[in-house]
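Encoded as structure tokens, the structure appears first; notes follow it.
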Amino acid sequence: MLHINWRHGPAYPLGIQDCSVGIIDGMVIAAGGFSRHPKGVLQDHPDAFDGEASGFTALTLALDPRVADAAWARLPDRPGPARQGAATATVGDQMWNCGGFSYREPLCFDDVCRLQRTADGWDWQPVAAAALPWPMCWPGAAVLGPQIHLVGGVDYFEADGEAGPDLHSEAGRYGNPVGTAHWVLDTACLKQGWVRRADLPGTARGLGGVAVAGGRLWVMGGFHGALHADPTTGGYRNVVDSWVYDPVGDCWDRLPDLPDGCNYSVVVYRDRYLILLGGYRYAQTQRPDGSRTAARTAAEQGRDWKDFFLRRVLVYDTETGNLTEAESLPDEDNGPVATLLGDTIYYLGSEGGHGLWHPDAFVIGTIELSP
């Protein structure tokens with residue numbers, strides 16, 4: 001059995017949603033994101049929101065969890081417009097940041113940059129050769145050797161006949177299959193750019209829990225953003241069909257479906273266990289054949305939308321296929337942004353918790369395996 005002991009670390013200087021999180025040289029790095037709860041961050045960093053009182057930020061902050069009484073320290077800002085929902089992948093000593101979205105034109109981005117430590121400090125560099133094939137946010141990201149794999153994703157734009165922009169995985173602004181495409185970037189050979197591999201066969205999704213274990217790529221759930229919202233349930237739906245990819249054969253196999261829910265953050269423990277953190281349960285679940293099923297009971301109909309944030313922690317054993325639960329998160333959290341080093345999980349909450357705000361909580365989980 002896998003157990004996780006959760007505790008709170010040094011609070012983040014602001015409430016934050018959908019920042020990018022990685023680890024370089026043992027340092028936890030958090031970049032960008034969105035905030036409606038800036039706390040007192042403007043006192044120390046008056047440029048945190050480009051002159052506004054809150055909103056999107058390009059702040060990049062670092063914490064050394066090995067140091068007692070460590071505090072978050074500012075690094076150079078992520079270049080380009082402030083954003084949330086960028087895909088993050090750490091390759092060696094570099095943290096790659098891909099795409100993302102904001103409420104300003106062009107709404108969704110295709111640029112890529114990377115952060116690394118240098119002799120003079122920390123340095124962000126735009127990587128023009130690695131520009132995404134189309135604008136996207138929330139693709140699932142994982143690293144296999146020197147390769148970054150992006151699976152699915154969302155485009156934020158105004159679909160035909162809609163009253164404003166929204167998050168769409170069903171198709172991108174150019175009609176491209178943003179929610180099922182599978183792209184690979186070899187960071188050791190950037191001149192090739194992004195190479196398309198076999199598309200994901202299942203439901204078009206963003207925020208899929210994508211991870212590498214045992215030399216294969218695993219895609220666990222996600223959420224479906226329809227091009228046209230249902231007037232009674234909205235346009236967002238759970239995705240529960242899950243898949244595993246063989247990079248040698250360039251093919252996918254289906255796994256058992258997850259329970260109703262979506263927007264998990266996934267970390268991999270000991271190259272075997274996929275740990276799925278938090279999430280949300282929308283009213284409906286989208287199936288690969290295009291059908292929809294109810295994800296809430298009759299007794300739950302009419303309840304406030306805030307009641308469906310999850311504390312659940314699922315553990316999928318890639319060797320046995322068993323799905324179990326570990327100790328729940330300290331608070332409900334939709335899409336916590338997580339990373340793992342050794343036996344320790346680090347995550348920053350995105351949405352949920354006390355008062356349903358963008359939390360400032362920095363949570364540390366220590367993993368134990370019992371016989």
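All of the numbers you see were taken from the coordinates with simple rules; none came from a lab. Predicted model, so just to flag it, every value in this text is computed and none were measured. Using ideal geometry, Cβ is built from the backbone for each residue, glycine included, and neighbour counts are taken over all protein chains shown.
Brief remarks on what is shown
- Here the gap between residue 3 and residue 327, fully extended at 0.36 nm per residue and compared with their Cα-Cα distance, gives a gain of 116.0 nm.
- Annotation note: trypsin sites (Lys or Arg not before Pro) in the range 223-278 located in DSSP loop regions with a Cβ neighbour count of at most 16 within 10 Å are 270, 272.
- Residues 300, 351, 105 in ascending order of nearby Cβ atoms (within 10 Å, fewest first): 105, 300, 351.
- Separation of the residue 366 and residue 176 label points, Cα + 7 Å toward Cβ, nm: 4.5
- Ranking of 37, 182, 8 by count of other Cβ atoms within 10 Å, fewest first: 8, 37, 182
- Taking 113, 189 and counting other C-beta atoms within 10 Å, the order from fewest to most: 189, 113
- Rg/Rh (Cα only; Kirkwood hydrodynamic radius) as it applies to the range 217-343: 0.98
- With a Förster radius of 51 Å applied to the C-beta separation of residue 196 and residue 47, the computed FRET efficiency comes to 0.85.
- Residue-averaged [θ]222 nm for the chain, counting only DSSP H segments that reach four residues, each worth -39500 (n - 2.57): 0 deg cm²/dmol
- Restricting the calculation to Cα atoms, the chain yields a radius of gyration followed by a Dmax of 19.1, 60 Å.
- Percentage relative contact order, the chain, counting C-alpha pairs under 8 Å, at least six apart: 15
- Separation of alpha-carbon centers, the range 290-320 and the range 146-160, rounded to whole Å: 23
- A straight chain from residue 319 to residue 37 at 0.36 nm per residue would run longer than the Cα-Cα distance by 97.3 nm.
- The distance separating the Cα centre of the range 235-271 from that of the range 58-130 comes to 26 Å.
- Formal net charge of residues neighbouring residue 9 (Cβ-Cβ distance under 12 Å; K, R +1; D, E -1): -1
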